[in-house]
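Next up is a structure, given as structure tokens.
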Amino acid sequence: MDKLEELVQAHCPQGAKYVLLESVCQISKGIQFNKSDMNDSGTYPVINGGITASGYIEQYNQEENTITISQGGASAGYVNWIETKFWAGAHCYVLKPSDKVLNRYLFHFVKSKEQKLQECQYGAGIPALAKSTVASLQIPLPPLPVQQEIVRILDSFTELTAELTAELTARRKQYEHYRDELLTFGDDVPRKTVQDVCKKIFSGGTPSTKHSEYYGGSIPWLRTQEVDWCDITDTGIKITKDGLKKSSAKWIPKNCVIVAMYGATAAKVAVNKIALTTNQACCNLEIDEAVALYRYVFYWLSNEYTRLKSLGQGSQSNISGEIVKNYPIPVPSIEQQRCIVHTLDRFDAICNDLTSGLPAEIAARQKQYEYYRDKLLTFKELER
């Protein structure tokens, strides 16, 4: 930071000019490429309105190290840095800097305005971002040596985050490999059904939304969208005693395995670490610990997600309680289950723990980057 302070004192001690973004960079839209002509893999990604590539093709219309902003869709306003040659689709903006601004300085600045851009989405149907919104951003324009040092500092943060993210990806692949290996059994291991390893299986209910007095209480009430291969320690909505009494919702003890049956999370599982109630779209498994460990059942069903979901019906592959009850599960000895759970718990902590694992460290580095980015990109504005 000392070098940056020296450069600021030498080149812009009184502050920096703020100019319209459109005055220092070209903002253009990409060219539509039909999805039917894309492949799941290939040489050049097609960047459109989403966060990830829409598909891959064998031609490109943009060079490496280019800034894009999603123009349409739920992620409109998302700012990306594309390191490879790519095809820019019609639902993204491409930013090309003039000689007054460094490409990476421009990226860090626009990235700092990502939330603001996303808040400027318009349209009753598919959200969109107007070019004028991007063009009218006010960017501070210190001399190039100052920009270069700011880029060096901020890139050091993003490079560290990228390294941690790459390590996390590798760990998750390793975790998936060990999980598949540990949960593959020979013919000597007996097979049962899920209902065979449960004391009780039950669903829940939803208090009538016509009665406001049924909501806002102290009773945790779980919805399927909160079931996402995780430990549940709280719920987004609470119900009252009357809401519980006047509906099919019911208390379930902690450490049940909860399977989402309907909606976008159908066939995903979770474990409730607190006693709670659920809606009717949750299939709640109270495990008989004399037969199977609840964490073992959780890991087995997590690993079986694709197969279990394939048994569902409709556009969202909704599954039923009967499908869950009759789903097969190998049941090794309790001691073997305990070893499997111990190993997978360790991997899970590294890969998914938001308090002490790699995700927590990545989140901390991201916050650190955002703090310094906002600080370094703030200048006293020179009078025009």
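The values are calculated or read from the model by the stated rules, or taken from the named source; none is laboratory data. Note that the structure is predicted; figures quoted are calculated from it, not measured. With ideal geometry, Cβ positions are generated from the backbone for all residues, glycine too; neighbour counts draw on all protein chains shown. Quick note on the areas: whole protein, heavy atoms, side chains included, nothing else; ligands and nucleic acids left out. Shrake-Rupley method; radii C 1.70, N 1.55, O 1.52, S 1.80 Å.
Check off (1) touching a strand residue (DSSP E or B) at 6+ places or on another chain (Cβ under 8 Å); (2) surrounded by 15 or more Cβ atoms within 10 Å (Cβ to Cβ) for residue 193 and give me the number that stays unchecked.
Checking residue 193 against (1) touching a strand residue (DSSP E or B) at 6+ places or on another chain (Cβ under 8 Å); (2) surrounded by 15 or more Cβ atoms within 10 Å (Cβ to Cβ), the one that fails is (2).
Anything in the range 30-42 that is in contact (Cβ under 8 Å) with a residue 24 or more places away in the chain and either surrounded by fewer than 16 Cβ atoms within 10 Å (Cβ to Cβ) or small (Gly, Ala, Ser) (or both)? List them, or say none.
30, 31, 32
Hey, another quick one. Take the conditions closer than 13 Å to residue 258 by Cα and either in a helix (DSSP H, G or I) or open to solvent by less than 60 Å² (accessible area, probe 1.4 Å) (or both) and apply them to residue 295. Does it pass?
Judged against the criteria, residue 295 is a match.
Oh, and also: Inside the range 86-148, counting only helices (runs of 4 or more DSSP H) that do not spill past its ends, which hold 2 or more residues that are without any contact (Cβ under 8 Å) to a residue 40 or more places away in the chain and either crowded, with 19+ Cβ neighbours inside 10 Å or hydroxyl-bearing (Ser, Thr, Tyr) (or both)?
Here the list reads 131-135.
Answer yes if at least one residue in the range 201-220 is under 25 Å from the mean Cα position of the chain (by Cα), at pLDDT 95 or above, open to solvent by 30 Å² or more (accessible area, probe 1.4 Å) and over 22 Å from residue 336 (Cα atoms), and no otherwise.
No, because not a single residue in the range 201-220 is under 25 Å from the mean Cα position of the chain (by Cα), at pLDDT 95 or above, open to solvent by 30 Å² or more (accessible area, probe 1.4 Å) and over 22 Å from residue 336 (Cα atoms).
I'd like the residue in the range 221-257 that is open to solvent by 70 Å² or more (accessible area, probe 1.4 Å) and basic (Lys, Arg) and, out of all such residues, is nearest to the chain's Cα centre (by Cα).
Per the criteria, the residue is 254.
Next question. Here are 363, 349, 275: which of them is among the small types (Gly, Ala, Ser) and at pLDDT 95 or above?
Testing whether each residue is among the small types (Gly, Ala, Ser) and at pLDDT 95 or above leaves just 275.
Then there's this: Given the condition more than 29 Å from the chain's Cα centre (by Cα), farther than 27 Å from residue 49 by Cβ and buried (at least 18 other Cβ atoms within 10 Å of the Cβ), answer yes or no: does some residue in the range 150-163 qualify?
no
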